Amino acid sequence: MTMMEFFGCGMIAFGPPLAMFVFTVARDPLRIIVFVASAFFWLLALLLSAGWWKAVVPLRDVLAFGLIFSVIFQEAFRLLFYLLIKKAEEGLLKVWQVEADSSTMSLVTNKGLMAYVAGFGYGAISGAFSLVNVLAEMTGPGTVGIYGQSRDFFITSAFLTLCFVLLHTFWGIIYFDGFRKRRYYQPAAVLVSHLLVSCLTLLNQQDSPAYGASLIPAYLILVIMVIWSFFLVGGSLRNIKSCLSAQQRGYSL
């Protein structure tokens, strides 16, 4: 039973991100580099958060304190990574001019693609660190709920991890687009929504965890970010209609 729970929750949390990586990142070496570099910047934010938590001794036991500053550091390092990518674009263009590599050109010219890969790297490493210890506990011995605790802890953790991976992906698109077009309300919206979703998880620390109160709003915010990102990268209702009509023609064949 414990192994079934382990693989089930693991696939819920990392199944869709794994598919995204295989189909959108893994085939392009340059995308893999951006993906790994973005993950490294998230690790730097985590390191700074840990150092800050260690330094402020009186507030170590206040979970909200560490959470809020962790979110702030993550968004600050997302900005640093955006600035790094902006500086590197000239070098990437030179690489394309020398090698005539179409994949390099697509990553440089398609700003939405670059932001997607960067946000996805951020989200993937975030999800891995947030669930790896929980997955280790799922293997047993025993399982959660034996002594009256909520049995929904593992499944909720898996769905929240998936939500954060996807949120970071679309936050990256909105964040980069905002700075590139000087629409600074977009990075502000990312920071506020990141703080909101993260603070909602504090409800799960109560004696009677309100898992639904954190999970449902988090996915509602995810839907909003997906729609917002879709239109930022040039999507439209006409695109959706064209896609659906093309699928219908394919089925009719």
Radius 13 Å from Cβ of Ala189, net charge of other residues (Lys, Arg +1; Asp, Glu -1)
-1
Between Lys86 and Leu196, what's the calculated FRET efficiency when r is the beta-carbon distance and R0 is 25 Å? Round to 0.05.
0.35
Once label points are set 7 Å from the Cα along Cα→Cβ at both Asp152 and Leu237, what is their separation, rounded to one decimal in nm?
3.5 nm
Two-site FRET efficiency, Arg180 against Thr139, from Cβ-Cβ distance with R₀ of 45 Å, rounded to 0.05:
0.50
If R₀ is 22 angstrom, what is the calculated FRET efficiency for the pair Leu43 and Ala213, using the beta carbon separation as r and rounding to 0.05?
0.15
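Bear in mind that the values in this text are calculations on the coordinates, not laboratory data. Every value quoted in this text rests on a predicted model; they were computed, and no experiment measured them. Don't worry about glycine lacking a Cβ; one is built from the backbone with ideal geometry, like all the others, and counts go over all protein chains shown.
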